[in-house]
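Everything below concerns the one structure shown next.
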Amino acid sequence: GAAAELTESKPVIVLLYSSYGSGNVLTRKHTMYLQNLFVHSKKLQILEVDGTHDKEERKRLWGISDERSYPQVFLRHEGKDTYIGGYATIHDMVEKETFDKKFDG
């Protein structure tokens, strides 16, 4: 309703990935893991950015993370993106049970 819209906007999870078909198999596996984790396991909405096609956004996000790799996860809040990490970082958060605090808090 209208009241909900007045509250502070929740951060959006941004997933930078590559749809490049003949890319690294491990990269695709890691991307699928993250998509399943956020969307199916955690029921969180994500904004997917395909770096293969959206080169400007990819360049901008890579500038923030200072890493040239896929997949990468960012939190976008009030127009500002914060780099969280890649597959290993997120997987580690799940193992150490710090994931929910980071993304639901």
DSSP beta bridges in the chain [antiparallel fraction, %, rounded to 5]: 70 percent
Entries of Lys10/Lys102; Lys10/Lys101; Lys29/Lys55; Lys29/Lys101; Lys29/Lys102; Lys55/Lys102 with Cα pairs more than 19 Å apart: Lys29/Lys55; Lys29/Lys101; Lys29/Lys102; Lys55/Lys102
Per-pair calculated FRET efficiency, R0 = 30 Å: Asn24 and Asp66 via Cβ, rounded to 0.05: 0.90
Semi-axis lengths (Å, descending) of the ellipsoid that matches the C-alpha gyration tensor of the chain: 23, 17, 13
Sparse-neighbourhood loop sites, trypsin sites (Lys or Arg not before Pro) in segment 4-90 - DSSP loop, at most 11 other Cβ within 10 angstrom: Lys43, Arg68
Probe 1.4 Å - accessible area at Ser9, Å² to nearest ten: 60 Å²
Point-charge dipole on Cβ atoms (K/R +1, D/E -1) for segment 30-103, about Cα centre, debye to 20: 80 debye
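The values are calculated or read from the model by the stated rules, or taken from the named source; none is laboratory data. Here the structure is a predicted model, which is why all the values come from computation and not from measurement. Here the Cβ is made from the backbone with ideal geometry for all residues, glycine too, and neighbour counts use every protein chain on show. Please note that ligands, DNA and RNA were not included when accessible areas were found on the heavy atoms of the full protein model with its side chains. Shrake-Rupley method; radii C 1.70, N 1.55, O 1.52, S 1.80 Å.
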